[in-house]
Amino acid sequence: MKVIIIGSGLGGLLSAAKLSKAGYEVEIFERLPIIGGRFTNILYQGFQLSTGALHMIPHGPAGPLSQLLKEVGADVDIIRKKPVSVIRIPRTKKDTDYKFGHKDLLFEDFKVPFSILNRLKLIYYIASTRKNPPTGQSFEEWCRKHIPQDWTHRISDSFFGWALSLKSADVPVEEAFAIIENLYRFGGPGIPMGGCKGVTDALVDIITNNGGTIHTSSEVTGFEFNNDRVTAVIVDGNEHAADIVISDIGHPATANLIRPETDISGMDEYTRTSKSLKPSAGIKICLSSDKPLIGHGGVLLTPYAKRVNGINEVTNVDPSLAPVGKHLTMAHQCVHWNNIDNLDREIELGLEDLKDIFSGKKYEVLLIQSYSNDWPVNRSPSGADLQNRTPIPNLYVVGDGAKGKGGIEVEGIALGVKNCMQEILIP
Ligand SMILES: Cc1cc2nc3c(=O)[nH]c(=O)nc-3n(C[C@H](O)[C@H](O)[C@H](O)COP(=O)(O)OP(=O)(O)OC[C@H]3O[C@@H](n4cnc5c(N)ncnc54)[C@H](O)[C@@H]3O)c2cc1C
């Protein structure tokens, strides 16, 4: 059975590793000269920066991605170090060392800034909504009704801005609760040794060792059909026959590969729905310093910053991601769809935040990267993902346009790939 995969991002590589191990003949076509999509490293001034991700795996060594990597035999070391996350908040007059401006709270103490009444409500809601999570509104709307406090808004925007590159007003409440549930189940983030490339390289080894092939600089430009099934993909004008096609390029781009005159039931609706999804956008600012700016391997959430949602410093876990004696710190900020045409201003505000957060510390801005449209943070905003199936029975979509429920970023990709593999391997 021959499977062709379009795109060598994490979704494509995970699918290829799983299917090549199961005995399928696998061929990947990747339009770029490099493998890994938004989950690989770029060597820049001796630093291992990345094409997208912040070298972080949301649920570390216990989550769905780690489980899937183990299942396919990929040799990746994912390290979770304490503290996994801290929250920077301003000092108040109650703090003895008030003059220093801010202090860091452990993530598990995020309830501390709530009023006593809201703390009690929170405990009640966490316990009572587990079986029957709320639905039909955004997380922000739900919070406004149930736990109205400035802190609720700040901490949820900072957390979802970091984790999903979305504002809490754009996260459906059911998805937010599924994410919170998964945080309790799998725990917080970890860093893969070697960064993103540590993961994608390990998958490439599995694929090639099992007879799979990866073609780079090879863009898929269309499909051939027989009745309602794809029979081949077109690359450089040549047809490559396949029994199954898996697309890692998102639903809208996959729909674009299908000629409009192709007569397939449900296609118009599929194209309309997939094109209505707005990819989540963001800005990453990479910093270099001689001394650590954060000093631990977790996430620093910054709910009082103007734009920056969170920051990590991966060299506290894997020093090989920077030249000897240097640290690599990366700040992430969500860019709301309303601000997408104002990226320069968004970057300015992010840089101002960093000056504030690291005031008195020495650092250099290495690189500023922005992500939107067809190179976004997530192809589909979390909670709005379409399934892996398309109206074409042997054409599937994986990746961050088809994440599984409650899956943050690459954890969602792994859940989506698992769902897709169930459809293919257990028909
Ligand atoms: C700033 C930023 C920070 C992030 N931080 C994290 C993080 O710390 N942790 C985390 O878990 N996630 C993070 N993410 C998200 C994560 O990087 C992505 O969700 C993930 O890498 C997407 O993988 P994918 O397989 O869905 O798609 P992609 O990586 O985009 O792969 C798709 C591939 O398909 C190729 N392609 C496209 N069209 C064609 C075609 N026609 N023919 C052939 N090939 C084609 C593309 O070139 C690409 O290589 C971050 C993303 C960004 C942008």
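Of the peptides 14-25, 329-340, how do they stack up when ordered by the mean number of other Cβ atoms within 10 Å, highest first? Please list the in-between numbers first.
Values: 14-25: 22.8, 329-340: 20.8.
Descending packing order for the listed peptides: 14-25, 329-340.
Rounded to the nearest 20 Debye, what is the dipole magnitude of the range 281-371 about its Cα centre when Lys and Arg each give +1 and Asp and Glu each give -1 at the C-beta?
Working: 9 positive and 11 negative charges, 42 e Å.
My answer is approximately 200 debye.
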* **Three principal axis lengths of the range 281-371 [C-alpha, angstrom, descending]** => 40, 23, 21
* To do: Among DSSP beta bridges lying fully in the chain, give the percent that are antiparallel, nearest 5.
  => 75 percent
* **Sequence-distant residues sharing a close amide H with Gly310 (under 5 Å, placed H)** => Thr302, His332
* Asked: Dividing the alpha-carbon Rg of the chain by 2.2 N^0.38 Å yields what?
  -> 0.99
* Packing-wise, with mean Cβ within 10 Å as the measure, how do 43-54, 153-164 rank, highest first? -> 153-164, 43-54
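Quantify, in whole percent, the carbon and sulfur part of the accessible surface of the range 116-186 (1.4 Å probe; protein heavy atoms only).
57 percent
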* Kirkwood Rh and Cα Rg combined as Rg/Rh, the range 255-312 -> 1.34
* Put a dot 7 Å past each Cα toward the Cβ at Asn209 and Leu43; how far apart are the dots in nm? -> 2.4 nm
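Taking the Cα centre of the chain as the origin, how large is its charge dipole in debye, to the nearest 20, when only Lys and Arg (+1) and Asp and Glu (-1) carry charge on their Cβ atoms? Don't skip to the answer; put the middle values down first.
Details: 45 positive and 49 negative charges, 401 e Å.
Computed charge dipole of the chain: roughly 1920 debye.
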* Calculate the spin-label point distance for Ile79 paired with Ser128, positioning each point 7 Å from the Cα along the beta-carbon direction, and give it in nanometres. => 4.4 nm
* Carbon and sulfur atoms: what percent of the 1.4 Å accessible area of the range 239-381 do they account for? -> 47 percent
* If all Cα-Cα distances of the range 116-186 are sorted into 5 Å bins from 0 onward, what percent lands in each bin, rounded to whole numbers? -> 3, 16, 28, 29, 19, 4
* Structure fact -> Counting only residues 5 or more apart in sequence or on a different chain, those whose built amide H sits under 5 Å from that of Ala322 are Gln48
* To do: Work out the charge dipole of the range 274-427 with +1 on the Cβ of Lys and Arg and -1 on the Cβ of Asp and Glu about the Cα centre, then indicate which of Ala305, Cys420, His332 is farthest towards its positive end.
  => Cys420
* **For q = 0.20, 0.22 Å⁻¹, Debye-computed log10 I/I(0) when each Cα of the range 299-427 counts as one equal scatterer** => -1.16, -1.26
* For the chain, build the charge dipole from Cβ charges (+1 Lys, Arg; -1 Asp, Glu) around the Cα centre, then report which of His296, Gly37, Leu69 sits farthest towards its positive end. => His296
* Selection from Pro134, Val173, Leu117 lying farthest towards where the dipole of the range 116-186 points positive, charges on Cβ -> Leu117
* Among beta bridges that DSSP assigns inside the range 1-77, antiparallel share in %, nearest 5 -> 45 percent
* Structure fact -> Computed ³J(HN,Hα) along the range 197-205: with the Karplus parameters 6.51/-1.76/1.60, θ = phi - 60°, integer Hz and x for glycine or proline, the list is 5, x, 6, 5, 4, 5, 5, 4, 4
* **Peptide ranges 75-82, 35-42 listed from the most packed, as the mean C-beta count within 10 angstrom indicates** => 35-42, 75-82
* **Relative contact order (%) - criterion: Cα under 8 Å, at least six apart; region: the chain** => 24 percent
* Structure fact -> With x for Gly and Pro, the residue-by-residue ³J(HN,Hα) of the range 212-224, computed from phi through the Karplus equation 6.51 cos²θ - 1.76 cosθ + 1.60 at θ = phi - 60° and given in whole Hz, is x, 10, 10, 9, 8, 6, 9, 8, 7, 10, x, 10, 10
* Put a dot 7 Å past each Cα toward the Cβ at Glu108 and Ile368; how far apart are the dots in nm? -> 3.8 nm
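What whole-number value in Å² describes the accessible area per residue of the chain for a 1.4 Å probe?
Averaged over the residues of the chain, the accessible area is 44 Å².
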* Asked: Summing -39500 (n - 2.57) over the DSSP H runs of n ≥ 4 in the chain and dividing by its residue number, what mean residue ellipticity at 222 nm do you reach, to the nearest 500 deg cm²/dmol?
  -> -9500 deg cm²/dmol
* Structure fact -> Computed for the range 116-186: size of charge dipole around the Cα centre, +1 on C-beta of each Lys and Arg, -1 on C-beta of each Asp and Glu, debye to nearest 20, value 320 debye
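The values are calculated or read from the model by the stated rules, or taken from the named source; none is laboratory data. In this text, all values refer to a predicted model and were calculated from it rather than measured experimentally. In this analysis, Cβ positions are derived from the backbone assuming ideal geometry, glycine residues included, and neighbour counts consider all displayed protein chains. SASA here: full protein model, heavy atoms, side chains in, ligands and nucleic acids out. Shrake-Rupley method; radii C 1.70, N 1.55, O 1.52, S 1.80 Å.
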